[in-house]
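Data block below; observations after.
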Amino acid sequence: MQMLPIDPSVVEECRDLAARVADGVHSFIDRHTTCSIERTVLRAYGVDGADPDGVPLVNTCVERFVKTGHAGCGIAWFLGRALARGAADPQEAAEVLAYAPETDDGEGGPDLAAVRAALAPHTARALERIDRARACRESNRGLLAPSSQPGTPLKYVIVATGNIYDDADQARAAAQAGADVIAVIRSTAQSLLDYVPYGATTEGFGGTWATQENFRIVRAALDEEQDRLGRYLQQVNYSSGLCMPEIAWLGAVERLDMLLNDAMYGILFRDINPRRTLCDQYFSRRIVARAGMVINTGEDNYLTTADAVEAAHTVVTSQFINEAFARRAGLVDEQMGLGHAFEIDKSLEDSLLYEISQAQLVRQLFPRHPIKWMPATKHKSGDIFWSHRVDGLFDLVGVATQQSIELLGMMTESIHTPFLQDRFAAIKGAAYTFTAARHLADELRWNPDGKVVARARQVLADARDLLRVVDREGLFAAIARGVFADVKRPETGGKGLGGVVEKTPGYLNPILEALEGK
Amino acid sequence: MSAPGSPPSDAPPPAKKRPPHPIRAYGDRRDDGRIQLSFTLPVAASPRAREAARRFAEAMGLRAVLVAAMEPAGRDYSFFVVYGRADVTLDYGEIEVPEVTLPEWGWKEINKVIKETLHRKVVVVGACTGFDAHTVGIDAIINMKGYAGDKGLEAYPWIEAHNLGAQVDNAALLERAKELSADAVLVSQIITQRDVHKENAAALIELARKRGMRGLLFVLGGPRIDHKLARELGFDAGFGSGTKPSQVAGYVVDRLVARAEGRAPAEGRE
């Protein structure tokens with residue numbers, strides 16, 4: 001693939017600026033925890049189950065300590081004390097925390113050494129659990145073909161029936177038709193739930209609830225199917241919203257391959273409090289890093305609200321920021337599926353050239369990253385035949401610029417969640433394009449004075465300028481001013497701020513310590 | 001619902017008998033009735049499956065069925081593309097559909113009409129309600145940027161537009177509309193599963209009636225919405241895919257002007 005002639009010093013400046021932006025927020029992240037982080041710690045220790053009203057035990061525990069103002073000590077401190085006082089295991093200890101008549105105030109009783117000693121074997125077991133899941137995934141991958149058309153973008157499709165058993169059937173059918181990656185879309189309300197629902201579910205809105213049991217059901221179907229097909233099948237879910245780190249943990253345990261996980265998406269598109277999301281993304285990405293999963297970031301969404309021509313540089317800016325945060329959480333480049341999309345107005349002359357320019361630019365800026373290429377959604381209509389043709393051009397740009405993961409466009413976009421046949425038609429169309437243009441990238445030579453190169457340089461320069469502004473203002477202020485996606489989110493607005501807690505000097509979180517390699 | 005002698009501008013036109021106008025589907029030649037459809041059957045592709053598809057189409061009333069394609073869409077599913085002749089004749093003259101009557105106003109005229117007729121800003125509140133988290137519709141109508149080159153309501157100096165965003169509860173929407181003394185409430189419903197969009201939209205109108213707020217203009221929009229459905233659900237008007245902000249603004253202003261001039265009483269006030 002020939003590279004676009006862009007100035008490497010601009011790229012370097014973008015990375016330096018993004019690093020400073022992330023560092024500016026990290027001092028806040030390091031001084032705070034959240035109720036979802038603490039619930040994740042309990043889940044890591046094996047605490048499971050829900051009460052008859054469906055309230056998970058981890059919520060009951062953590063909320064109790066938030067109320068008494070002791071959550072800043074870290075739930076592990078109290079769990080360890082209950083263990084040191086004789087609870088048989090973390091589950092029993094959590095029940096004590098949730099239901100004992102008196103809430104532990106953390107004073108007197110077992111000291112730090114005793115608490116650490118009580119937790120140590122359980123911390124080791126927690127890490128073993130996700131390490132084992134990672135080993136199992138990697139062993140399965142080693143035995144099977146990596147995808148249906150190696151060397152071309154992974155074919156990623158969504159299922160979204162609302163019923164996990166139908167989802168599993170549709171996932172199998174999609175895999176049989178040639179899909180490599182299956183995402184089960186979540187019920188639209190889930191990002192705003194401050195708990196993870198429990199058990200297998202058969203009703204949802206525009207998608208299916210993400211639960212540990214639902215993860216297991218789909219993974220089991222894919223495990224069986226991949227052995228029949230002789231190629232590995234990847235499973236995706238959403239580590240976003242108010243339960244970002246908990247979903248990351250459940251995904252790690254259940255061997256998910258990818259998680260939608262973005263440092264800013266929840267803030268911008270779900271109006272989740274900025275402080276909450278930035279703390280949660282850090283812990284969730286620590287888990288992702290250790291578990292060997294791939295994140296998918298959500299920059300494609302910027303172009304559904306802002307204009308794809310005018311706001312192209314905000315996508316690149318956000319990708320650099322997402323990369324900087326991901327690095328600080330221990331992810332390697334190969335785990336960063338930075339997102340972008342084919343969303344330019346289709347009535348615009350040379351829109352295809354601008355799409356090629358942006359896709360090639362992103363490919364080059366992030367060379368080892370599994371770039372996630374998203375289809376047109378905004379400029380589509382109920383004319384499925386026209387829509388299918390739009391997706392054909394999208395597929396062509398995807399293979400020509402060597403995108404890594406391609407979420408296939410659906411001809412019925414903007415009509416309904418995909419029918420089985422819609423997915424089939426999309427996979428068949430993409431397979432044709434990927435075969436037909438398999439080595440197109442090797443043949444392309446950029447016109448140094450042409451539109452594609454000029455556009456790429458402009459977008460990169462604009463991204464650098466915006467990064468300078470964000471660096472000057474700080475990320476919280478920039479988000480509040482509406483720099484990304486035309487959406488304004490003040491630092492203390494949005495949902496979930498009440499769950500952000502300042503750490504006390506004695507804050508204890510052995511799971512985080514282990515994930516940080518301390 | 002209208003006062004004698006002053007029909008509201010979106011009432012059906014007076015019953016005017018149209019001449020008979022029989023129509024059939026047009027494929028290659030007039031009245032050949034040829035149509036195409038595609039569907040999936042939950043069986044593996046095979047000669048039996050192909051025959052099942054043919055019979056399926058026949059059972060739908062198609063004649064001269066041609067199964068043009070049978071594709072294995074998975075081990076136990078077959079995808080079919082089928083052509084056939086539909087022996088259906090409709091009298092187009094008998095078809096009446098309520099349509100929103102819109103003034104052909106652009107951005108300039110709308111602002112001028114508000115300024116000169118209402119002498120005050122028009123207040124509009126919009127939201128995606130219920131579980132719907134997809135703001136693309138309401139954003140296209142309200143946000144400055146607009147849609148397809150047509151500026152959004154925020155770009156109108158004489159309209160004060162508030163976009164409350166996604167997943168707004170019906171009660172919260174009405175509460176906000178009251179606080180802002182809104183003239184019109186715009187509701188977008190994009191995502192649906194098992195008709196939840198209808199239930200939620202109808203519940204909003206019910207709640208508005210209970211709170212004595214049905215006098216506001218209620219407008220529903222979304223890809224599965226048309227004016228007829230919106231009216232059935234109790235809204236004043238409905239707009240489907242491809243609607244431009246100026247059409248919504250024009251409708252709202254036209255109705256407000258009509259009310260101000262006493263040409264059309266607000267629903268629920270007569």
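The values are calculated or read from the model by the stated rules, or taken from the named source; none is laboratory data. From a predicted model like this one, the values you see are computed outputs, not experimental measurements. Every residue, glycine as well, gets a Cβ built from its backbone with ideal geometry; the counts of neighbours run over all protein chains shown. Accessible surface areas use protein heavy atoms only, side chains included; no ligands, DNA or RNA. Shrake-Rupley method; radii C 1.70, N 1.55, O 1.52, S 1.80 Å.
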ask   = Separation between the A:Ala88 and B:Glu104 pseudo-spin-labels, each 7 Å from Cα along Cα→Cβ, expressed in nm?
value = 8.2 nm
request  = Per residue of A:412-424, count partner chain C-beta atoms within 10 Å of its C-beta, then hand back the mean as an integer.
outcome  = 4
query = Per the helix-only calculation at 222 nm, which mean residue ellipticity applies to chain A, given -39500 (n - 2.57) for every DSSP H run of n ≥ 4 and division by its residues, nearest 500 deg cm²/dmol?
reply = -17000 deg cm²/dmol
ask   = How many nm is it between the label spots at B:Lys115 and A:Tyr99, if each spot is 7 Å from the Cα in line with the beta carbon?
value = 7.0 nm
message = Kirkwood Rh over alpha-carbon pairs of the protein assembly as shown, then Stokes-Einstein at 25 °C and 0.890 mPa s: what D in µm² s⁻¹, rounded to an integer?
response = 86 µm²/s
Tilt relative to chain B, helix B:245-260 - C-alpha long axis, 0 to 90 degrees, to 10 = 50 degrees
query = Could you give the dipole magnitude of the stretch B:107-261 about its Cα centre, charging the beta-carbon of Lys and Arg +1 and that of Asp and Glu -1, in debye to the nearest 20?
reply = 220 debye
DSSP-defined antiparallel bridges as percent of all bridges, the protein assembly as shown, nearest 5 = 35 percent
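Please report the carbon-and-sulfur percent of the accessible area for the stretch A:230-325; probe 1.4 Å, protein heavy atoms only, DNA, RNA and ligands left out.
It is 41 percent, rounded to a whole number.
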message = I'd like the distance between the alpha-carbon centres of the stretch A:50-129 and the stretch A:489-511, rounded to an integer number of Å.
response = 18 Å
request  = Under 23 Å Cα to Cα from B:Lys17, which lysines show up? Leave out anything in the same chain fewer than 8 places away.
outcome  = B:Lys228
ask   = Among all the lysines, which ones have a C-alpha under 17 Å from A:Lys67's C-alpha, if same-chain residues fewer than 8 places away are not counted?
value = A:Lys503
query = On average, how much accessible surface per residue is there in chain A, in Å², for a 1.4 Å probe, leaving out ligands, DNA and RNA?
reply = 35 Å²
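For the stretch A:80-180, what does the relative contact order come out to in percent, with C-alpha contacts under 8 Å and a separation of six or more?
22 percent
One quarter of the convex hull surface, Cα atoms only: what value does that give for the stretch A:378-448 in nm²?
5.6 nm²
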ask   = For the stretch B:107-261, what is the accessible area per residue in Å² when the probe is 1.4 Å?
value = 40 Å²
ask   = In percent, how large is the relative contact order of chain A, given Cα pairs closer than 8 Å and 6 or more residues apart?
value = 21 percent
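Counting pairs of Cα atoms in chain B, how many percent are more than 26 Å apart?
55 percent
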task = Express in Å², to the nearest 10, the accessible area of A:Asp7 obtained by rolling a 1.4 Å probe over the protein heavy atoms while all chains stay in place.
result = 80 Å²
task = Please tell me the relative contact order of the stretch B:107-261 in percent, rounded to the nearest whole number, where contacts are Cα pairs under 8 Å and at least six residues apart.
result = 26 percent
query = Quick one: Kirkwood hydrodynamic radius for the stretch B:107-261, alpha-carbon pairs, angstrom, one decimal?
reply = 15.2 Å
note = Interface residues of the stretch B:160-181, defined as losing at least 30 Å² of accessible area versus the chain alone with a 1.4 Å probe, are B:Gln167
message = For the pairs A:Lys372/A:Lys451; B:Lys112/B:Lys178; A:Lys378/B:Lys210; A:Lys155/A:Lys451; B:Lys16/B:Lys121; A:Lys372/B:Lys108, flag any whose C-alpha to C-alpha distance is greater than 32 Å.
response = A:Lys378/B:Lys210; B:Lys16/B:Lys121; A:Lys372/B:Lys108
query = Taking θ as phi - 60°, what are the ³J(HN,Hα) couplings along the stretch A:250-261 by the Karplus curve (6.51, -1.76, 1.60), each to the nearest whole Hz, with x for Gly and Pro?
reply = 4, x, 5, 5, 8, 6, 5, 9, 9, 9, 5, 7
ask   = Total Å² of accessible surface buried at the B-A contact, 1.4 Å probe, nearest 100?
value = 2400 Å²
query = Which order do B:Phe56, A:Phe484 take when ranked by solvent-accessible area (1.4 Å probe, heavy atoms of all protein chains), largest first?
reply = B:Phe56, A:Phe484
